[in-house]
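For reference, the structure discussed in these notes is given below.
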Amino acid sequence: MSKAIYPGSFDPITKGHLDIIERASKLFETLVVVIMENPQKNYLFTQEERLAMLQNACKKFTNVVCCIGEGLTVNFAKKQNATAIIRGIRAVADYEYELQTATTNMMLAESIETVFLLSKPNYSFLSSSVVKEVAKHHGELDCFVSADVKQKLENKFK
Ligand code: ADP
């Protein structure tokens, strides 16, 4: 059975993430969307809040499960019996970081492939950081996130 994981911070999940999830879910029989902590980031939402938003966004996909992971991404993938790690690439700016991470993972676990999906052009500018900045200044969020995530962002910045 083909299985992939899609790791990220998802703080919060955006329409860009959701597009990657939808496309990856068509490539693999099972997709595990997993919240992994990135020590370089400060989070707005707790892991539990992020998981609830992910689960709500992914309930329409029958082969997608969402969870919280820990430790090295490749070890999590192995525990899940997944053979691929999905990552999204928006622009050249993503490339250097993603290259470093994917190469490290290749050294750690040769059997696990990183699969890059290019962002759709209309989401190539979109990041969780941009969304949080817009929300902080009470900007319009509809084109960036779902109604559920919009509500949660508005509550944070009330
Ligand atoms: P991380 O902290 O692991 O970078 P993110 O939640 O920021 O977590 O991103 C998870 C993955 O989703 C990364 O591969 C990132 O490049 C990708 N991604 C984020 N936003 C978009 C988008 N708008 N379009 C395509 N891929 C995206």
Find the residue count for segment 66-95, including only residues that are surrounded by fewer than 16 Cβ atoms within 10 Å (Cβ to Cβ) and either under 18 Å from the mean Cα position of the chain (by Cα) or of a type in the set (A, V, I, L, M) (or both).
-> 10
Identify, by number, the condition in (1) open to solvent by 50 Å² or more (accessible area, probe 1.4 Å); (2) under 22 Å from Val130 (Cβ atoms); (3) more than 10 Å from the ligand (Cβ to nearest atom); (4) not charged (D, E, K, R) that Ala57 doesn't meet.
-> (1)
State whether one or more residues within segment 103-118 are within 16 Å of Ser2 (Cα to Cα) and charged (D, E, K, R).
-> yes
So how many residues does segment 108-129 have that are charged (D, E, K, R), part of a loop (DSSP other than H, G, I, E, B) and within 13 Å of Lys78 (Cα to Cα)?
-> 1
Positions within segment 135-150 being out of contact with any Pro (no Cβ under 7 Å at 6 or more places or on another chain) and either in contact (Cβ under 8 Å) with a residue 40 or more places away in the chain or open to solvent by less than 40 Å² (accessible area, probe 1.4 Å) (or both), in sequence order | Ala135, Gly139, Leu141, Cys143, Phe144, Ser146, Asp148
When you scan segment 34-46, how many residues do you find that are more than 9 Å from the ligand (Cβ to nearest atom), modelled with pLDDT of 95 or more and under 14 Å from Ser128 (Cβ atoms)?
-> 3
Which condition breaks for Glu22 when tested against (1) over 16 Å from Glu113 (Cα atoms); (2) away from the ligand (no atom under 13 Å from the Cβ); (3) under 13 Å from the mean Cα position of the chain (by Cα)?
-> (2)
Test result for Phe28, more than 13 Å from the chain's Cα centre (by Cα) and within 17 Å of Ser146 (Cα to Cα) = no
Given the conditions (1) aliphatic (A, V, I, L, M); (2) over 16 Å from Glu22 (Cβ atoms); (3) open to solvent by 40 Å² or more (accessible area, probe 1.4 Å); (4) not in a loop (DSSP other than H, G, I, E, B), every one holds for Leu153 apart from (3)
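The values are calculated or read from the model by the stated rules, or taken from the named source; none is laboratory data. No experiment lies behind these values; they were computed from the predicted model shown. No Cβ is skipped: glycine too gets one built from the backbone with ideal geometry, and neighbour counts run over all protein chains shown. Heads up: the accessible areas ignore ligands, DNA and RNA and are worked out on the full protein's heavy atoms, side chains in. Shrake-Rupley method; radii C 1.70, N 1.55, O 1.52, S 1.80 Å.
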